[in-house]
Amino acid sequence: MLGLGNSIISGAALDEFTPANIANLALWLKNATGVTVAQWDDSSGNNNNATQDTSGNQAAVSGGGLDFEKGEADHYDLDDDIEIAQNENILIGFVISPEAPDSTRNCLIGDANGEFIDVRINKIAVNCGGAETTFTGDANLFSDGTKAAVVISRNDGATGTFNIFVNGSTPAGSYNAQTNPDPINFDEIGVRNGSGRPFDGILHELVVYDLGTGTHTADELTALNNYLTSKFGL
């Protein structure tokens with residue numbers, strides 16, 4: 001299992017916290033750090049870089065991250081798969097600026113087996129083990145060109161209960177108590193299965209933890225939400 005770092009100390013000042021303070025950080029695409037059209041360097045210490053050698057599928061550098069164009073199927077491959085087994089826990093955070101979001105699926109992170117996390121104007125969908133759990137929120141959960149910080153947590157083993165946060169709060173809709181303990185793997189950024197459901201918008205930052213059978217604490221979850229919302233002024 002990939003990972004580094006120690007658990008944060010409850011009550012630590014926000015400016016002392018980074019995603020590496022939570023154990024088992026598998027991937028950190030850090031804003032304005034190691035970003036080029038061909039590669040976004042992994043800041044987790046695992047050297048799991050996101051790369052794209054084909055110029056026609058490269059996103060533009062923008063806003064400290066990458067601006068993906070749906071019509072060009074911009075996407076990146078991770079050097080190593082992130083494999084989260086059945087009943088294992090998940091913690092993922094990202095900041096995006098979607099472009100003209102509607103009911104069309106925009107896959108932020110996925111794999112060749114069709115597992116993914118995607119966003120739409122009023123939904124976040126998570127597919128684990130081929131079974132999609134769709135979380136329906138406000139009519140305008142995301143809006144054109146507006147930054148949004150999302151944190152996705154699954155932290156109770158065999159029950160597999162998800163909790164979703166947008167800009168630090170649980171949005172209106174069915175974002176709690178939906179369950180799916182199946183495995184989920186990631187090896188692509190901006191698509192699933194090589195080209196499907198391409199993402200449209202800017203990815204500013206992404207962190208993925210492979211917690212295994214361990215857990216994150218409530219303080220760590222709050223700290224990650226606070227880190228993303230404060231850093232991007234949300």
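The values are calculated or read from the model by the stated rules, or taken from the named source; none is laboratory data. Predicted model only: the values in this text are computed from it and were never measured. Counting neighbours? That spans all protein chains shown, and the Cβs are built from the backbone with ideal geometry, glycine included.
Taking the numbered list (1) surrounded by fewer than 23 Cβ atoms within 10 Å (Cβ to Cβ); (2) hydrophobic (A, V, I, L, M, F, W, C); (3) part of a strand (DSSP E or B) in turn, I109 passes all entries but (1).
Residue check: N226 meets all listed conditions (1) buried (at least 18 other Cβ atoms within 10 Å of the Cβ); (2) touching a helix residue (DSSP H, G or I) at 6+ places or on another chain (Cβ under 6 Å) but one, namely (1).
Filtered by the rule that a residue be aliphatic (A, V, I, L, M) and over 16 Å from the mean Cα position of the chain (by Cα), segment 109-140 gives A112, I121, A131, A139.
Among the residues of segment 216-225, at least one is out of contact with any Lys or Arg (no Cβ under 9 Å at 6 or more places or on another chain), under 18 Å from C128 (Cβ atoms) and at pLDDT below 95. Listed by first and then second residue, the pairs linking a residue in segment 212-227 that is over 25 Å from A85 (Cβ atoms) to a residue that is buried (at least 18 other Cβ atoms within 10 Å of the Cβ), with Cβ atoms under 6 Å apart and 6 or more places separating them unless they lie on different chains, are A223/I8; A223/F17; N225/V151; N225/F165; Y227/F17.
If you go through segment 69-94 and pick out every residue that is of a type in the set (D, E, K, R) and crowded, with 23+ Cβ neighbours inside 10 Å, you end up with 1.
The number of residues in segment 125-148 that are modelled with pLDDT of 90 or more and in contact with a Gly (Cβ under 7 Å, 6 or more places away or on another chain) comes to 1. Within segment 112-145, the set of residues being touching a residue at least 40 places away in the same chain (Cβ under 8 Å), surrounded by fewer than 21 Cβ atoms within 10 Å (Cβ to Cβ) and of a type in the set (V, I, T) comprises T133 only.
If the requirement is being without any contact (Cβ under 8 Å) to a residue 24 or more places away in the chain and over 30 Å from G56 (Cβ atoms), which of these qualifies: S169, S174? Answer to the check: S169. Checked against the criterion of being assigned to a strand (DSSP E or B), surrounded by fewer than 23 Cβ atoms within 10 Å (Cβ to Cβ) and at negative phi, the candidates S103, S97 yield just one match: S97. For segment 177-204, the set of residues classified as under 24 Å from Q86 (Cα atoms) and either free of Cβ contacts under 8 Å to residues at least 60 places away in the same chain or of a type in the set (D, E, K, R) (or both) consists of A177, Q178, T179, N180, D182, D187, E188, R192, listed by residue number. In summary, Y209 fulfils each of the numbered conditions (1) of a type outside the set (A, V, I, L, M); (2) out of contact with any His (no Cβ under 8 Å at 6 or more places or on another chain); (3) not in a loop (DSSP other than H, G, I, E, B) with the single exception of condition (2).
Here's the yes/no breakdown for (1) modelled with pLDDT of 95 or more; (2) among the polar types (S, T, N, Q); (3) on the phi > 0 side of the Ramachandran plot:
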{"site": "S7", "(1), (2), (3)": "no, yes, no"}
{"site": "G11", "(1), (2), (3)": "no, no, yes"}
{"site": "L29", "(1), (2), (3)": "yes, no, no"}
{"site": "A32", "(1), (2), (3)": "yes, no, yes"}
{"site": "V37", "(1), (2), (3)": "yes, no, no"}
{"site": "N49", "(1), (2), (3)": "yes, yes, no"}
{"site": "D53", "(1), (2), (3)": "yes, no, no"}
{"site": "A60", "(1), (2), (3)": "yes, no, no"}
{"site": "G71", "(1), (2), (3)": "no, no, no"}
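Which residue, of L141, L234, L228, is in a helix (DSSP H, G or I) and either farther than 30 Å from Q39 by Cβ or hydrophobic (A, V, I, L, M, F, W, C) (or both)? One residue alone meets the criteria, L228. Residues that are more than 18 Å from the chain's Cα centre (by Cα), surrounded by fewer than 16 Cβ atoms within 10 Å (Cβ to Cβ) and part of a loop (DSSP other than H, G, I, E, B) within segment 146-194 comprise D156, A172, S174, listed in sequence order.
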